[in-house]
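Inspection log for the structure reproduced underneath, given as structure tokens.
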Amino acid sequence: MSADPILLSGSAVSVLALAEHERTFSVLEQMAVEVRRRSSPFLLSGIYYMQGWAWLARGELAEAADVLRRSGEVALSWSSTASAYTVATFAHVLIEQGDLVGAEDLLGQRGPQMPGSDADTLCKEADVALLVARARWHEALAAVEEYAAGVSPGVVNPAWVPWRSLKAQALEGLGDHDAAVRLLEEELSAARAWGAPRALSHSLRLLGSLLDEREGLDLLREAVQVAEGSPARLEYAKALTALGSALRRARQPTQAREPLRTGFEVATRCGAQPVAEHARAELYATGARPRREAFSGPESLTPSEQRVAELAAAGGSNREIAQQLYVTPKTVEVHLTSTYRKLGISSRAALADALADSRPA
């Protein structure tokens with residue numbers, strides 16, 4: 001029996017997403033059209049999950065949350081529980097948004113998983129990430145040991161199984177600095193071999209934050225450079241914030257301000273409240289303040305708000321925009337409301353002129 005082409009495409013698009021390839025979303029959209037034609041809730045839930053995973057990798061947290069919520073709703077139409085893949089990925093989104101209680105509640109709803117399966121591995125990774133976010137280092141170390149034990153020895157790609165960096169953070173939190181550095185050096189080597197910007201910038205950032213001033217700053221600057229031109233906007237914000245924080249600690253407040261300002265602005269657009277708050281606090285510590293443009297004007301729009309606004313300005317209805325972007329009409333409405341507020345307008349008719357104005361509204 002030949003394999004279902006949709007399932008084969010799912011494997012291919014997973015590789016595209018891990019590689020952060022620009023074709024990821026176009027392939028997913030083509031798959032969604034075919035799955036809707038078949039009226040298959042099982043496959044549609046999987047497509048939404050992969051879209052959510054790809055949005056998370058880019059740092060567009062509102063979009064990730066929207067499609068992952070839809071994935072769970074579709075899954076519940078044919079099963080008593082949402083997909084563990086969806087639960088684990090949605091938990092990561094909530095952690096990035098700063099909703100740790102919501103992430104814990106969500107992870108508590110998952111059903112039992114087959115030990116060693118991909119779903120089990122993803123859920124254990126989310127468990128560790130939540131413990132790290134809460135600085136519960138002893139529990140995180142025990143959980144990451146269990147997580148790492150279930151990873152096949154030949155799987156070293158940190159874009160898929162970042163257990164080394166999670167364990168390193170727990171070890172650093174417990175004071176075992178040398179062991180943390182060794183693990184991050186191993187992960188950085190694997191990330192360089194894989195080459196995808198998000199994973200590489202992530203490893204560079206964490207290792208650079210632990211090393212001495214000279215070597216650490218070099219790695220942090222590389223982390224910023226790697227992420228800057230990539231779609232991974234949240235990782236870019238984290239790298240900028242880490243660089244700015246390191247420069248401030250190195251008594252270079254003037255040099256620290258610009259990366260901290262930009263890190264704050266990018267994190268705010270991503271909806272990553274913990275990163276934005278950290279960047280803001282570091283910026284205040286240098287004696288500076290966030291720019292007003294971070295909160296208003298065309299430059300303050302998130303990438304998704306920008307896309308929705310441009311389509312609305314061109315005459316698209318909420319339903320048409322939702323269908324084109326594979327989000328819900330409610331998400332379009334939320335984006336437009338936020339856009340109106342940032343641009344200082346009150347109607348759809350004013351969008352085109354407001355978007356063309358490069359000055360803060």
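Descriptive notes on the structure:
- LEU220 vs. criteria over 16 Å from SER300 (Cα atoms) and not polar (S, T, N, Q): yes
- For first residues located in the stretch 304-324 and surrounded by 14 or more Cβ atoms within 10 Å (Cβ to Cβ), partners that are of a type in the set (S, T, N, Q) and outside any helix (DSSP H, G or I) and lie 6+ apart or on another chain with Cβ distances below 9 Å form the pairs ALA322/THR328.
- Restricting ALA91, ALA75 to those that are crowded, with 21+ Cβ neighbours inside 10 Å and either under 21 Å from the mean Cα position of the chain (by Cα) or assigned to a loop (DSSP other than H, G, I, E, B) (or both) reduces the list to ALA91.
- Residue among GLN113, GLN97 that alone is of a type in the set (S, T, N, Q), more than 24 Å from VAL224 (Cα to Cα) and touching a residue at least 12 places away in the same chain (Cβ under 8 Å): GLN113
- Selection status of GLU96, buried (at least 23 other Cβ atoms within 10 Å of the Cβ), among the charged types (D, E, K, R) and not in a loop (DSSP other than H, G, I, E, B): yes
- Scanning the stretch 57-67 for any residue that is surrounded by fewer than 21 Cβ atoms within 10 Å (Cβ to Cβ) and assigned to a loop (DSSP other than H, G, I, E, B) turns up nothing.
Per-residue answers, yes or no, for (1) surrounded by 15 or more Cβ atoms within 10 Å (Cβ to Cβ); (2) at pLDDT below 95; (3) not aliphatic (A, V, I, L, M):
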| residue | (1), (2), (3) |
| --- | --- |
| LEU122 | yes, yes, no |
| VAL132 | yes, no, no |
| LEU141 | yes, no, no |
| ALA149 | no, yes, no |
| ALA159 | yes, yes, no |
| SER165 | yes, no, yes |
| GLY173 | yes, no, yes |
| LEU188 | yes, no, no |
| SER209 | yes, no, yes |
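- In the stretch 249-295, the residues that are polar (S, T, N, Q) and either closer than 17 Å to TYR236 by Cβ or in the same structural domain as ALA62 (by TED's automatic domain parsing) (or both): THR262, THR268, GLN273
- Conditions (1) under 22 Å from GLN306 (Cβ atoms); (2) surrounded by 24 or more Cβ atoms within 10 Å (Cβ to Cβ); (3) not small (Gly, Ala, Ser); number of the one not met by LEU247: (1)
- Every residue from the stretch 213-229 that is closer than 17 Å to SER189 by Cα and out of contact with any helix residue (DSSP H, G or I) (no Cβ under 7 Å at 6 or more places or on another chain): GLU215, ASP218
- Qualifying residue in the stretch 103-111 (condition: under 23 Å from HIS278 (Cβ atoms) and assigned to a helix (DSSP H, G or I)): yes
- Verdict on LEU217 being outside the structural domain of ALA57 (by TED's automatic domain parsing) and within 27 Å of GLY98 (Cβ to Cβ): no
The values are calculated or read from the model by the stated rules, or taken from the named source; none is laboratory data. Because the structure is predicted, anything quoted here is derived from the model rather than measured. No Cβ is skipped: glycine too gets one built from the backbone with ideal geometry, and neighbour counts run over all protein chains shown.
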